[in-house]
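Worksheet: the structure to be examined is printed underneath.
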Amino acid sequence: MQVADDLAVFFHYTLTDSAGEVIDSSDGSDPLGYIHGTGGIIPGLQAEMAGKSAGDKFNCVIAPADAYGERNDEMIQKVPKEMFRDATPEPGMQFQTQTPAGPHIFTVVDVSDTEVTVDGNHALAGETLNFAIEITEIREATAEEKDHGHIHGPGGHHH
């Protein structure tokens, strides 16, 4: 069976940046699972997975446009510090807020006495991503998984 739309695909990965630093890895945990063709992984990686088989190991390089996009300076904003009534803002802190385009995650990058600078770019925006992939399993996605748009854990339960 080869990776194709609507199939459940499980894989181990190591993600590194252009300098070879490990950003993320499934090492020591269960393989990551997704339903191919549903947008469960970044577009560039999904394209690289298509047609591969269980047991395949490969490396791929994904450009920012096919990953998390380029950095957008318009996503960096200064907001009044008093907007953080329920928490003390600190650099690195992340929060989700409702925007006209729906919920969005922002990261605090700087705090002054009166303002907080927040960045709405994904942490990996603008980064070229290097993946080492091992596909461990390909199976038919269940009707419920297809309906929900994601893989369920052992026994069909949500993670």
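Things worth noting here:
- Taking packing as the residue-averaged number of other Cβ atoms within 10 angstrom, the listed peptides 93-102, 110-119, 140-149 run from highest to lowest as 110-119, 140-149, 93-102.
- Listed by chain and number, the aspartates and glutamates whose alpha-carbon sits under 14 Å from that of residue 81, ignoring those within fewer than 8 places in the same chain, are 90, 110, 113, 115.
- Alpha-carbon centroid distance for the pair segment 67-146 / segment 1-50, whole angstrom: 20 Å
- Placing unit charges on the Cβ atoms only, positive for Lys and Arg and negative for Asp and Glu, gives the chain a dipole magnitude near 160 debye about its Cα centre.
- Descending Cα extents along the principal axes, the chain, whole Å: 58, 37, 29
- Hypothetical label at residue 109: residues of segment 46-86 whose amide nitrogen lies under 13 Å (7 Å Cα-Cβ projection): 71-79
- Relative contact order computed over segment 77-159 (Cα-Cα under 8 Å; 6+ residues apart), in percent: 22 percent
- Taken about its Cα centre, segment 73-119 carries a charge dipole of roughly 160 debye when the Cβ of each Lys and Arg holds +1 and the Cβ of each Asp and Glu holds -1.
- Within the chain, helix-based [θ] at 222 nm, where runs of 4 or more DSSP H residues each add -39,500 (n - 2.57), nearest 500: -2000 deg cm²/dmol
Here, each number is a calculation from the coordinates, and none is a lab measurement. Nothing here was measured: the structure is a model prediction, and the numbers come from that model. For neighbour counting, all protein chains shown are included, and Cβ atoms are generated from backbone atoms with ideal geometry for every residue, glycine included.
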